[in-house]
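Asks: Take this structure first; my questions come after.
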Amino acid sequence: SPTVGVLALQGNVREHVAALTAVGATAVPVRRPAELAAVDGIVLPGGESTTVSKLLDTFELLEPLRARLRDGLPAYGSCAGMILLADEILDGRPDQHQLGGLDVVVRRNAFGRQVDSFETDLEFAGLTGDPVHAVFIRAPWVEKTGGDVEVLASVPDLTSNGADAGEAAGRAVAVRQGPVLATSFHPELTGDRRVHGLFVDMVRAAIG
Ligand code: GLN
C-alpha cells in the first residue's frame, strides 16, 4: 500500500491518519525531513496557515517540501493546506510562505464576511453516491484558476444556512491540478472517506 504522510505540525493529524488508513494507505505523521523523504504522497491538514508557515521554517521542512512538490509529489491540502499549496493568496500575511504548485489564487478567510464556519452538501465531480457533506471552518475559497486546474466542487446557494449567499455562491472549493488536490473544507471530520480515497487513488496512480 502507498505510504502517505500527514504534515504533523498543527491541525487534525489523527483524523487524517485514520481516514487514510481506512482507505488502504499506510499513513505516517511527518515532522522531519527524513520522514518527508520516505512518503509517496503528503496531506497538509487545516489549521492556521500563518502558523504552519512559521513551523515549516522552524522544522526545516519548507525547502524540502517545495522540492518534493516540484518533483511531482502527490499532495492534498485541506483549508490551511489549500492556502499553502496556492501559488498566490489574497488577504494573507505579507510574511507567510507559499509552498506553491497549485496554479490558483486563493482568498484566505474568504467566508468571514458572511459566515465564519458552516456546513453544506456539495456535488463533488468524480465522487459517486450522495453529495459530500462539507465542513467549513474559517475557510478559504478559490478565486481564480489556471488552465490546468480542474474545479471539482463549488459553493451552492447558502441562503438556507442563514448566510448571505452573495459573494460565496459559485466559488470553487475543491480543485485538482495533476497530482495536487485541495479542498476548502475538512473531510477528515465527517467520516466520509471518499475525498481521502480519491487522493490515495491519485498517489497509487503516481507511483504506478
Ligand atoms: N483561516 C485559516 C488560515 O488562514 C484556515 C482555517 C482552517 O484551516 N480551518 O490559515
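The values are calculated or read from the model by the stated rules, or taken from the named source; none is laboratory data. Just so we're clear, the structure is a prediction, and the values are computed from it rather than from any experiment. Positions of Cβ are backbone-derived with ideal geometry, glycine not excepted, and every protein chain shown enters the neighbour counts. Calculation scope for accessible area: heavy atoms of the full protein, side chains included, ligands and nucleic acids excluded. Shrake-Rupley method; radii C 1.70, N 1.55, O 1.52, S 1.80 Å.
Asks: Would you work out what percent of the accessible area of segment 67-111, with all protein chains in place, is carbon or sulfur (probe 1.4 Å)?
Replies: It is 42 percent, rounded to a whole number.
Asks: Under a point spin-label approximation (7 Å from Cα along Cα-to-Cβ), what is the ALA125-ALA67 distance to one decimal in nm?
Replies: Rounded to a tenth, the inter-label distance reads 3.4 nm.
Asks: Starting from the Cα coordinates of segment 6-155, work out the convex hull volume and express it per residue in Å³.
Replies: Residue-normalised Cα hull volume stands at 116 Å³.
Asks: Along the positive direction of the dipole of the chain (beta-carbon charges: Lys, Arg +1; Asp, Glu -1; about the Cα centre), which of GLY146, THR50, GLY112 reaches farthest?
Replies: THR50
Asks: Of PRO29, GLY191, LEU84, which is farthest along the charge dipole of segment 3-207 in the positive direction, counting Lys and Arg as +1 and Asp and Glu as -1 at C-beta?
Replies: It is PRO29, whose Cα lies furthest towards the positive end.
Asks: Given a 1.4 Å probe, how much area per residue of the chain is accessible, in Å²?
Replies: I get 42 Å² per residue for the chain.
Asks: Once R0 is set to 22 Å, what does the formula 1/(1 + (r/R0)^6) return for the Cβ-Cβ distance between GLU35 and ASP201, expressed as a FRET efficiency to the nearest 0.05?
Replies: Between GLU35 and ASP201 the formula returns 0.45.
Asks: Please give the charge dipole size of the chain, origin at the Cα centre, charges +1 on K and R Cβ atoms and -1 on D and E Cβ atoms. Round to the nearest 20 debye.
Replies: For this selection, approximately 440 debye.
Asks: Once both axes come from the Cα atoms, what is the angle between helix 49-58 and the longest principal axis of the chain, in degrees from 0 to 90, rounded to 10?
Replies: Around 10 degrees separate the two axes.
Asks: Put a dot 7 Å past each Cα toward the Cβ at ASP157 and GLU60; how far apart are the dots in nm?
Replies: About 5.6 nm separates the two model spin labels.
Asks: In debye to the nearest 20, how big a dipole does segment 1-83 give about its Cα centre with +1 on each Lys and Arg Cβ and -1 on each Asp and Glu Cβ?
Replies: Rounded to the nearest 20 debye, it is 20 debye.
Asks: With a point put 7 Å past each Cα toward its Cβ, work out how far SER117 is from ALA18 in nm, to one decimal.
Replies: A separation of 1.7 nm, rounded to one decimal place.
Asks: Among ALA18, GLY129, PRO156, whose Cα sits farthest toward the positive end of the charge dipole of segment 3-207 (+1 at Cβ of Lys/Arg, -1 at Cβ of Asp/Glu, about the Cα centre)?
Replies: Positive-most Cα among the choices belongs to ALA18.
Asks: Could you work out how far helix 194-207 tilts from the main Cα principal axis of the chain, as a 0 to 90 degree angle to the nearest 10?
Replies: The helix 194-207 is inclined about 40 degrees to the chain.
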